[in-house]
Structures are given as structure tokens and as C-alpha cells.
Amino acid sequence: SSTHRPHSRRAPYVQALRGAGRCTMTPNEELDRLLPPEGSNTRQGKGKAAILLVFGLVLAVSAICLALSLRGNTSNSLAMQGQQLARTLDDIECAEDELEADFGSGQLTKVVIPSGKGSGEKPCPAGSANSNGKVMYKCTSSGKWNIVNTCFNCMGRTDIAKVAGKKRMVALRPAINGAVQREKCIFEDGTTFSRGHIVYTCEHNQWTHKVLCSNQRCVAGVLAVNFFGGMGEVLYQVAEGDGKLSLECPSGAANPHGKVHVQCGSAAEGDTGEWVFASQTCQDCNPSAINITFEEHPKTLMLDGGSLNSYHPSPCAFDDGKRYKKGKIVYQCTGDGWKFVQASCNDWDCPAQNVKLRVQYQDQGEAVVGQLHMQIDGANVGNDYKYPCPAGTASSSGQLTFACSPDLGWRLTKAECGNGVQEMAT
């Protein structure tokens with residue numbers, strides 16, 4: 001026999017309404033659509049399975065609803081906490097306070113910040129280093145004012161200046177960037193210097209200083225001399241003095257026995273000057289980068305510093321990869337700097353060259369001695385160069401023959417100028 005379950009005890013199932021953050025229960029009648037007709041054998045066998053399936057769906061959807069609910073509650077909670085914190089900060093009231101400082105007038109001045117909430121600003125007091133600055137304040141969660149100001153960049157303070165074992169206290173006044181404060185070269189032990197000052201400069205919101213005190217016109221210091229190229233900038237430590245000094249050339253200079261000449265610059269009465277570069281004989285030509293083109297092949301020549309009349313040969317290797325068998329590129333150091341001399345780059349076994357011959361022959365019974373100049377073009381081994389005999393020789397229509405030798409280069413091999421030629425030499 002079958003067991004009939006009352007309609008009122010059928011398990012409901014749950015449908016989640018996503019986006020609305022809530023869930024509803026479907027009526028029991030909807031369950032009938034999931035089950036076979038009442039009283040059927042199929043329904044009796046499959047009813048339990050369908051009900052178990054519905055309960056599983058109920059549990060899964062309930063978990064989803066719970067997660068959606070928690071997420072919505074968390075977001076709302078964070079938003080409410082942020083709003084509450086903002087209202088709390090806006091509600092905090094800070095008690096009256098004051099800022100007392102030397103703003104640049106040389107005296108302590110008070111700026112009163114009234115009790116209140118939020119933030120505000122006041123103009124800088126009269127006599128401030130920056131007359132256009134502001135005193136700005138903001139009430140913090142601690143109930144105290146956070147106060148900042150732009151009435152000065154460098155704070156007034158006391159500093160100790162030292163030179164040659166001497167020292168003195170210096171009272172620095174508040175200042176803006178770029179301001180300079182000069183103090184006399186009078187020290188605590190009574191020592192005074194006839195020239196110079198202690199110079200303080202406000203830069204990058206901090207005080208820096210130089211002690212330029214001396215009994216000479218120029219104080220000791222460091223002078224930079226630029227030799228360019230690989231040698232670059234060389235630093236010289238120069239002693240105090242009045243006129244000119246000669247310093248040694250750096251090692252590696254083109255003329256290591258030369259000198260670097262410096263002189264003391266001009267200075268107003270009571271002030272000190274600075275050492276300046278005058279001249280040098282360490283190199284007559286500065287290092288240079290020169291761009292050349294030879295037979296459409298480019299090359300950048302890096303010339304080192306050179307002494308007067310010296311030569312700088314460079315191999316015939318070009319930037320585009322072309323390399324000639326022989327020859328070189330030559331520059332010379334002149335009084336006007338580096339000057340091009342020649343480019344003899346070639347792929348010949350025997351390069352082009354100027355030839356000078358000494359000739360002696362008979363002309364109307366008299367011996368004639370002279371010189372013959374000619375230009376021979378470049379050629380490879382096995383090629384000959386023929387040149388006409390000079391006028392007046394026994395066979396002026398003859399030729400002089402030069403051959404390209406693999407070991408000796410160009411050699412005179414044959415002279416067909418007639419029996420009148422007695423001697424001929426290169």
C-alpha cells in the first residue's frame with residue numbers, strides 16, 4: 001500500500017531574488033509541478049528523491065542569500081563609519097593657541113590662533129622675511145592646531161664659523177631663499193683679517209656658508225681647469241695670494257713640462273677675489289671630435305690633446321666597416337688648432353706617390369744634369385707605370401718604366417731615353 005503525505009506538509013523551495021538582497025518562499029502549489037500525479041507508483045518511488053533535491057536547493061540558495069546580505073551590510077557599515085569619522089573630525093574643536101617666533105624683524109612676535117574647528121590662515125606679521133607669506137593652521141583629531149607658515153624659508157639660529165683654527169658665533173636672521181648675510185672676519189680671540197667676509201646664503205630652505213677671510217686678495221681654494229677629452233676637468237688646490245701662480249701640468253698631458261697659469265681676480269675694497277684660469281702650455285690643441293668623409297666612407301676622428309706642430313695619424317678604418325689595406329689619415333696641431341694634412345688610404349700594393357729623378361745626359365757635346373718630378377698613380381703588383389723621357393735626351397720619345405714590387409714598392413726598371421743618358425737615380 002502507498003503512503004499519502006498531506007498537502008500541508010510538502011516542503012517549500014526557495015527562490016533567490018538577486019540584486020534585491022532578499023529571498024522569498026514559493027507556494028506549495030509550485031511543488032506539484034515538480035512531482036508526478038497523486039497516487040501514481042512513479043510518484044511514490046520518485047517523490048522522496050524530488051523532495052531531497054528541493055531541500056538541497058533550499059540550503060544552497062539560503063547560503064547565497066546570506067552572503068549577499070553580509071556583503072551589503074559590510075559596504076553600508078564602512079560607508080557609515082567613514083561618514084561618522086568625517087562628522088567626528090568636523091565636530092572637534094581646538095582651543096586657542098599661539099605661534100611665537102622671529103619672523104624676520106629681529107624680535108619675537110606672537111600670532112594668535114583662535115579656538116575653533118576646521119582650518120584657516122592669517123597673513124604673516126609685519127617685518128616678516130616673506131611679506132606675502134601666510135600662517136596656516138588646521139584642527140587635528142588630538143584637539144590641537146597643526147600650524148605651518150611661509151613667512152620665511154631659513155629659520156633664524158646661531159651658527160659657529162671657523163677658519164684656520166679661529167671661530168666666532170654668528171646670529172642668523174630668518175630669511176627667504178636667495179638671501180645673503182655677510183659677517184665681518186673678526187673672531188673670538190681677537191684675530192681679524194684685512195679682507196673678506198663670512199658669507200651665509202639661504203638656499204633650498206637651509207643655511208650654507210663660506211669663510212672668505214684672508215690678508216691676501218685671493219683666499220686659498222679649489223680651481224677647476226678643463227682639458228677636455230679623456231683628461232677632462234682637473235682640480236687644483238690653490239694657495240692664497242695676490243697676483244699670478246704657475247701650476248704643474250697633469251700627468252698624461254701632451255706637453256708634461258708645460259704650466260697652468262692662474263691669476264687672482266679683481267675684488268672690491270675690503271673683499272676677496274677668486275682665482276681664475278689664465279692660460280696653459282700643457283697642450284696647444286684641445287682634444288676634438290672631427291667628422292670626415294673619404295670616398296663616401298664616414299669616420300669620426302677622436303683627436304687627443306696635442307703639442308704645437310705634432311701630428312696625429314689615424315688608421316684608414318671607417319665607421320661603415322670599410323678598411324683600406326694601406327695609408328693613414330693625418331692631422332697636425334697648429335696655432336689655430338687641428339688641421340687636416342692628408343688622407344692616403346688605398347687598397348694598392350704600391351700607393352700613389354711623388355717621384356724625383358736625377359738625370360744626366362749629353363746635349364750638343366755638353367753634360368746636362370737636372371731633376372725630373374712626376375706623380376705615379378697607385379697600382380697592384382704586376383702593373384707598370386711608363387713616363388715620357390725628358391726633352392733633350394738622345395731619345396726624347398722614349399719612356400721611363402716603373403714596376404710595382406711586392407717588397408720594394410715602386411722601382412725604376414727601364415730607361416729608354418737613348419745612349420746619352422749616363423746616370424739616373426731615384
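The values are calculated or read from the model by the stated rules, or taken from the named source; none is laboratory data. Remember, predicted model here, so these are calculated numbers, not experimental data. Here the Cβ positions follow ideal geometry from the backbone for every residue, glycine too, while neighbour counts run over all protein chains shown. Keep in mind that these areas ignore ligands, DNA and RNA; they rest on the heavy atoms of the full protein, side chains included. Shrake-Rupley method; radii C 1.70, N 1.55, O 1.52, S 1.80 Å.
Looking only at segment 397-410, decide whether some residue is at pLDDT 80 or above and of a type in the set (Phe, Trp, Tyr).
The initial filter retains those residues of segment 397-410 that are at pLDDT 80 or above, namely 398-405, 409-410.
The next check asks that each one be of a type in the set (Phe, Trp, Tyr); those that pass are 402, 410.
Within segment 397-410 (the criterion being at pLDDT 80 or above and of a type in the set (Phe, Trp, Tyr)), the answer is yes, since at least one residue qualifies.
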When only residues in segment 276-291 that are under 29 Å from the mean Cα position of the chain (by Cα) and not polar (S, T, N, Q) count, which is surrounded by the most Cβ atoms within 10 Å (Cβ to Cβ)? 285
Six or more apart or on different chains, Cβ under 6 Å: which pairs go from a residue in segment 362-384 that's at negative phi to one that's open to solvent by 80 Å² or more (accessible area, probe 1.4 Å) and among the polar types (S, T, N, Q)? Could you list them? 375/354
Restricting attention to segment 314-338, the residues that are open to solvent by less than 80 Å² (accessible area, probe 1.4 Å) and either part of a strand (DSSP E or B) or at positive phi (or both) number exactly 14
Consider segment 214-238. How many of its residues are free of Cβ contacts under 8 Å to residues at least 40 places away in the same chain and farther than 20 Å from residue 197 by Cβ? 8
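Quick check: is even one residue across segment 298-313 of a type in the set (Asp, Glu) and part of a loop (DSSP other than H, G, I, E, B)? Spell out how you get there, then give the answer.
First pass over segment 298-313, keeping only residues of a type in the set (Asp, Glu): 304.
Subset that is part of a loop (DSSP other than H, G, I, E, B): 304.
The answer is yes; a qualifying residue exists.
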Residue 272 meets each of (1) within 30 Å of residue 375 (Cα to Cα); (2) in contact (Cβ under 8 Å) with a residue 60 or more places away in the chain with one exception, condition (1)
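Looking at segment 339-347, is at least one residue part of a loop (DSSP other than H, G, I, E, B), touching a strand residue (DSSP E or B) at 6+ places or on another chain (Cβ under 7 Å) and within 30 Å of residue 251 (Cβ to Cβ)? Break it down into steps so the answer makes sense when it comes.
Initially, segment 339-347 is screened for residues part of a loop (DSSP other than H, G, I, E, B), giving 344-345, 347.
From the residues that got through so far, the ones that are touching a strand residue (DSSP E or B) at 6+ places or on another chain (Cβ under 7 Å) too are 344-345, 347.
Filter once more, so that each one left must be within 30 Å of residue 251 (Cβ to Cβ): none.
No, that holds for no residue.
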Where a residue in segment 131-142 is among the hydroxyl-bearing types (Ser, Thr, Tyr) and its partner, wherever it lies, is surrounded by 12 or more Cβ atoms within 10 Å (Cβ to Cβ) and assigned to a loop (DSSP other than H, G, I, E, B), with Cβ under 7 Å and at least six apart: 131/124; 141/92
Tell me, which residue of segment 354-375 that is open to solvent by 100 Å² or more (accessible area, probe 1.4 Å) and modelled with pLDDT of 75 or more is farthest from the chain's Cα centre (by Cα)? 366
